[in-house]
Amino acid sequence: MPDNIYLPELARITYIKEEVAGERSIKTFRVEPVNGDSFEHECGQCAMLSIFGRGEMMISIASSPLVKDYKQFSIMRVGRVSAAFHDLAVGDVVGIRGPYGNSFPVDDWRGKNLYFIGGGCGLAPIWPVITTAVAQRDSFKNITVFYGGRSPRDIMYKAELEKLRGVADVHLSVDKAEDGWDAYCGFVPANVMDKEPSSDNAIAITCGPPIMIKYVIQNLRSLGFADEQIYTTLENKMKCGLGKCGRCNVGKDYVCVKGPVYSWAELKELPEEY
Amino acid sequence: MEKILHKERIDDWISALTGWEVLSPALEDGIWAYRPVSGAVRLDHPNTTQPPKGLAFPQREVFFSFEQIKGEAPRLTQILPDTVQRAVFGVRPCDGRGAVRMDRVFGDHVEDTYYQARRKNVAYVGLACNQPPSANCFCLSVGGSPVSTDGLDVLLTDLGDRYFVAAVTETGKALMTAANSLFDEPADADRQQLKSVHTEALAQPQRAVHNPDAVPAKLKASFKSPLWEELARACIGCGICTFLCPTCHCFDINDEVTGSAPLKGNRVRTWDNCQFPDFTMHTSGHNPRPTVGARLRQRVCHKFQYFPENFGMPQCTGCGRCISECPVGIDIVSVVNKVVEHAG
Amino acid sequence: MINVRDIRDAARDLLAKGEVRAVIGYRRGSRGMAAEPVVITAPEQADELVWDPTCFHNLALYLVEDRKFLAHSRKAPGAPIAIIAKGCDARAIVVLMQEHYFKREEVYIIGVSCEGVGVLDERKLAGHVPGTPTDAAFEGDDFVFTTPEGEKRLPAREVMADRCLECRAPFPKEHNVVFGEDKTGRELAAPFAALARFEEQGATERWDFWRRQFERCIRCFACRSVCPMCYCDECVVDSITFPVAPETTADEKANRIRWIERSAVRSENITYHMTRAMHLAGRCIDCGECERVCPVNIPLRLLNNKMEREARERFGYEPGASIGAASLVASFNDSDPGSFIR
Amino acid sequence: MSEPETYEPKIVAFLCKWCSSAGSDLAGVSRIQYPANATPITVPCSGSISPLYILSAFNKGADGVLLSGCHIGDCHYIEGNYLARRKIYLIKELLEFVGVEPDRFRMSWVSAAEGAKYAQVVKDFVADLKPLGPQDKLKADRT
């Protein structure tokens, strides 16, 4: 029998950090394969993480493909498996299989201005692109990151974002004004409009709540971005990751195979069922 | 390889298939189902309630078992399918064509290890439909035919007191060769009769999807049609249509815990169903297909639009089970026709 | 004899006067001769309504659907909704009102008496009529089928559903308007006859029988989906990974108990069906829809009949008899059997 | 199938917290000798028992299930045990109907003062279960 496509590799948790506290807290986990080598991935791809006895969930890989030692995942505590993940400690062993889905065409973007527009936990899926671009800083022109959360406490990757400031423009926002917050107040799409990024030789990559993505795309279009210059990622309920279990499709596409990365030019051709 | 088999010899043929577990349709508890052969085989069934797809894609498949002592790493043990060779007699051409479609789903992109391992051990000995076995047959509308050999290893055609036996694949030839002496060479008269039986079979009236070639485009244009909710209004959201379908392949994967301290259990694949409300529901509660209309649209568009877009053929094989068994009379032929008609 | 025109007139009139916002009824379907459920909202649609032996469905289910839809869309119901109800369907509506699922004034019941007969069991028809019949009609104690080879008349009792043969209340007592004669008391077959026959067997035979039945279940949940009493938002057999409502918290999702696995194996199937039988005790009004729709022919009525008969004989309880009555398992008598308790 | 010499039936005992649970505690502190086959699960009231608990216990491998509550008239919630009596009668009938041995499910009234009675109930139950051997009709068959 060939490789069992449903059998996960074992991976040990080597690092846990709480990014956001509260009811829907977010924690970042790093996992390393228990038995030596793990699979390689590209920016934007996902992996199925397991806790045996609880189940599996599809999570985007938040670390750059250039990082070989570990894979990073930022997981919001919303469901059965993610809640169990939040109870894990460094040293615990979980299951991982992947990588699944397509990836951001980062190589095609060399020499361009990159705009990253994230909201909430939507920073994680585009984080590998940001870190990859920063690691190859000379290959790209301006790198700009827009990112917002509901409140200052909902901002993830705080320290990492601060570190980015040296090599990229970082525009943070929170939905509502709050004491001690001196950056932008308002929703992410408005922050984008406020800064008026130029569509010239640019690519915009956005990920966040569906409603945010909708307005971000609307705003980018009004700023002159062509459909081909706008990229986003879809998420859907997934069980197999292999285009077989049948639930993550949008029209003819299984998001786990043809997605999660779509240019707006591609996405707008699909039925609106996500 | 084409032969004649006198009907009374079919049991001898089956007995000669050493190394094969042979299944044939049996009427048990009021329903027709494929059962291991015991006693005489008479292929006089309509169609079975369930297609034979479960032989390659069982409703429950265990991938591996896990065991974890608290504080230690889990131990995984792969569970692989059995390697019994199974020959299924009396498979209708629509279900043979169902297998072709399942093969694409589980073979393209990446091969599904479990499906492939089982599938290569299954042989289908088909039976041409001289008469439509159900009032809701519509194979001709979806590119099939009552005498199609697609997906079959052997096709039997009932010629009254004997079968015309045609091998379709190498496996089929092997099944016939295993009992060579039972078969006769077909005479010209046999071939003549075969031809006329097939011609008659093709002329039998069936339900019809109007203008089938136009269907994918019309469905695409009708995605936002309010008709979907209207047509699905009576839908009760059960799983009959998909669980009885020869081509529905959706599944769920769950961990079934069988013990704690140490934690023990299995990771299990079970059939799942796009008509269940929670099928696509995100963990957040957001559901891309929140209504019966959206779910009916998914089933119909998957069969008649998405699958053709991906694989160049409709997924539906026209067996009519979903129509015959729907508790409230939702009828895929009529649904497709109405949506297409409405699209203008 | 019910004239379908009377039903249509009543429906048209109710809709035209705005007394109801919709009528749940039957219309001709596209699968053979079978009727299908329909919800009409305009007077001119009333002509679509049919009444014939293929009106099997218990439409009370759609009152539940309507209620769920209203709750979900946070709409006020406005005018009542009308429903065509046979004797069994009307009893189901009474149970729902007993359980305060909706109020009496929110439903307008257009009762239809099954008179001396009941509805067809399509499975019994095989071999009785040539070809595929295109139409079925009531005619006294007979059903008349239109077939490609002309009309075929059959005594109804030969092809009637078992539930109808055994029905003790073929007249919808609870109604706003009713059509057809009240033939309550007609005796076609003794109630619980199949049950009594079954119980003559020993425990080993009973277990062998049920094991075989439950092993066959494919867990399509049609029995549950078709049942007007199975209205829970959260069912013990559903996957537990989905949130019941958007506001369901991670903890609630994480801590849900998986009572029954999704694997369609004997143990899980039996736990499902027995749980359902218990949940239906004192609520099942024997419309027999679960058994009719089961694609693998599991005799589910037997289970429900068992509970129904126990309720009647031990506790003097008739499901669906009175809107004001307390439900079977929410009430008790001092004289309830207790000798089995140590 | 049954191994009379070594077989020890596993019992899940649902005990109401006001009476029977206290009764079992009393059996313990009074050092009454009784078989250790029963795993007690304290429930708020015998009336709070869902049939699913009982079926689930069998599914998870119990050979017998015991439900014990306050005597009639003594329910902390006034009528919980009356409701239980009716519900349990029905499930007992149903279990027997499908062919499960009726002796696998038992109900008792045990007050907080009846440590000895609790011990006797368990003792009798174990004795009645032993000849039946392991319960495999309702036990999970999903290996």
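The values are calculated or read from the model by the stated rules, or taken from the named source; none is laboratory data. Every value quoted in this text rests on a predicted model; they were computed, and no experiment measured them. FYI the Cβ positions are ideal-geometry reconstructions off the backbone, even for glycines, and counts take in every protein chain you see.
What the table below lists for this structure:
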read-out	value
Strands (runs of 3 or more DSSP E) fully within the stretch B:1-47 counting 2 or more residues that are surrounded by fewer than 17 Cβ atoms within 10 Å (Cβ to Cβ) and touching a helix residue (DSSP H, G or I) at 6+ places or on another chain (Cβ under 9 Å)	B:2-6
Matching residues, the stretch C:170-201, being within 14 Å of another protein chain (Cβ to nearest Cβ), surrounded by fewer than 17 Cβ atoms within 10 Å (Cβ to Cβ) and of a type outside the set (D, E, K, R)	C:A196, C:Q201
Residue match in the stretch B:186-194 (condition: under 30 Å from C:S225 (Cβ atoms), modelled with pLDDT of 95 or more, assigned to a helix (DSSP H, G or I) and more than 14 Å from chain A (Cβ to nearest Cβ))	no
Residue list for the stretch B:291-337, filter: touching a helix residue (DSSP H, G or I) at 6+ places or on another chain (Cβ under 9 Å), surrounded by fewer than 19 Cβ atoms within 10 Å (Cβ to Cβ) and either facing chain C (nearest Cβ under 9 Å) or on the phi > 0 side of the Ramachandran plot (or both)	B:S334
Members of the stretch A:10-32 found to be modelled with pLDDT of 95 or more and within 13 Å of chain B (Cβ to nearest Cβ), listed by number	A:L10, A:A11, A:R12, A:I13, A:V31, A:E32
Subset tally (residues that are part of a helix (DSSP H, G or I), within 14 Å of chain A (Cβ to nearest Cβ) and touching a residue at least 40 places away in the same chain (Cβ under 8 Å)) for the stretch C:250-277	0
Qualifying residues in the stretch A:184-242 (those that are outside any loop (DSSP other than H, G, I, E, B) and among the basic types (K, R)) - the one nearest to A:N4 (Cα to Cα)	A:K214
Among (1) within 14 Å of chain B (Cβ to nearest Cβ); (2) part of a loop (DSSP other than H, G, I, E, B); (3) surrounded by fewer than 16 Cβ atoms within 10 Å (Cβ to Cβ), the one test that C:S335 misses	(1)
Residues within the stretch C:293-332 that are aromatic (F, W, Y) and assigned to a helix (DSSP H, G or I), tallied	1
Selection count, the stretch B:209-238, where residues are part of a loop (DSSP other than H, G, I, E, B) and in contact with a Phe, Trp or Tyr (Cβ under 6 Å, 6 or more places away or on another chain)	1
Unmet criterion (only one of (1) crowded, with 20+ Cβ neighbours inside 10 Å; (2) within 14 Å of chain A (Cβ to nearest Cβ)) for B:S65	(1)
Strands (runs of 3 or more DSSP E) contained entirely in the stretch B:65-172, each with at least 3 residues that are touching a residue at least 24 places away in the same chain (Cβ under 8 Å)	B:85-91, B:122-127, B:154-158, B:162-167
Residue among D:A27, D:A62 that alone is touching a Lys or Arg at 6+ places or on another chain (Cβ under 9 Å), crowded, with 21+ Cβ neighbours inside 10 Å and at pLDDT below 95	D:A27
Where a residue in the stretch D:93-106 is facing another protein chain (nearest Cβ under 7 Å) and its partner, wherever it lies, is of a type in the set (S, T, Y) and surrounded by fewer than 22 Cβ atoms within 10 Å (Cβ to Cβ), with Cβ under 8 Å and at least six apart	D:G99/C:T204
Tally, over the stretch C:263-294, of residues that are touching a strand residue (DSSP E or B) at 6+ places or on another chain (Cβ under 8 Å) and surrounded by fewer than 23 Cβ atoms within 10 Å (Cβ to Cβ)	2
Residues satisfying the stated conditions in the stretch C:42-67, i.e. more than 11 Å from chain B (Cβ to nearest Cβ), over 13 Å from C:A85 (Cβ atoms) and part of a loop (DSSP other than H, G, I, E, B)	C:A42, C:V50, C:D52, C:P53
Conditions (1) buried (at least 23 other Cβ atoms within 10 Å of the Cβ); (2) touching a Lys or Arg at 6+ places or on another chain (Cβ under 9 Å); (3) more than 7 Å from chain C (Cβ to nearest Cβ); (4) within 16 Å of D:C16 (Cβ to Cβ): number failed by D:F125	(4)
Neighbours by Cβ (under 6 Å, 6+ apart or cross-chain): first from the stretch B:22-41, among the aliphatic types (A, V, I, L, M); second in a loop (DSSP other than H, G, I, E, B)	B:V22/B:V37; B:I31/B:T49; B:I31/C:V296; B:I31/C:N297; B:A33/B:T48
Odd one out for B:V300 among (1) in a loop (DSSP other than H, G, I, E, B); (2) modelled with pLDDT of 95 or more	(1)
Unique match (being within 25 Å of the chain's Cα centre (by Cα), in contact (Cβ under 8 Å) with a residue 60 or more places away in the chain, more than 9 Å from chain A (Cβ to nearest Cβ) and assigned to a loop (DSSP other than H, G, I, E, B)) among B:P277, B:P246	B:P246
Where B:D272 falls short, out of the listed (1) within 10 Å of chain A (Cβ to nearest Cβ); (2) surrounded by fewer than 21 Cβ atoms within 10 Å (Cβ to Cβ); (3) within 26 Å of B:C94 (Cα to Cα); (4) free of Cβ contacts under 8 Å to residues at least 24 places away in the same chain	(2)
All strands (runs of 3 or more DSSP E) inside the stretch A:63-136 with 1 or more residues being under 23 Å from A:F52 (Cα atoms)	A:71-76, A:93-100
Pairs with Cβ under 6 Å, 6+ apart, first in the stretch C:202-224 and facing chain D (nearest Cβ under 9 Å), second of a type in the set (D, E, K, R)	C:F214/C:R266
Any pair with Cβ under 8 angstrom, 6 or more apart, that starts in the stretch A:30-53 at a residue that is under 16 Å from A:V90 (Cβ atoms) and in the same structural domain as A:G79 (by TED's automatic domain parsing) and ends at one that is in a loop (DSSP other than H, G, I, E, B) and of a type outside the set (K, R)	A:R30/A:S63; A:R30/A:Y70; A:V31/A:Y70; A:E32/A:S38; A:E32/A:D69; A:E32/A:Y70; A:V34/B:A73; A:I51/A:L88
Single condition A:G95 does not satisfy, out of (1) facing chain B (nearest Cβ under 10 Å); (2) more than 21 Å from B:I69 (Cα to Cα)	(2)
Inter-residue pairs, beta-carbon under 6 Å, first within 15 Å of D:D128 (Cα to Cα) and in the stretch D:5-17, second of a type in the set (D, E), 6+ apart	D:P9/D:D63; D:K10/D:D63
Only listed residue being at the interface with another protein chain (Cβ under 9 Å from one of its Cβ atoms) and of a type in the set (F, W, Y), chosen from A:F116, A:F73, A:F104, A:F52	A:F52
Selection status of C:G116, small (G, A, S) and either surrounded by 17 or more Cβ atoms within 10 Å (Cβ to Cβ) or under 18 Å from C:P172 (Cβ atoms) (or both)	yes
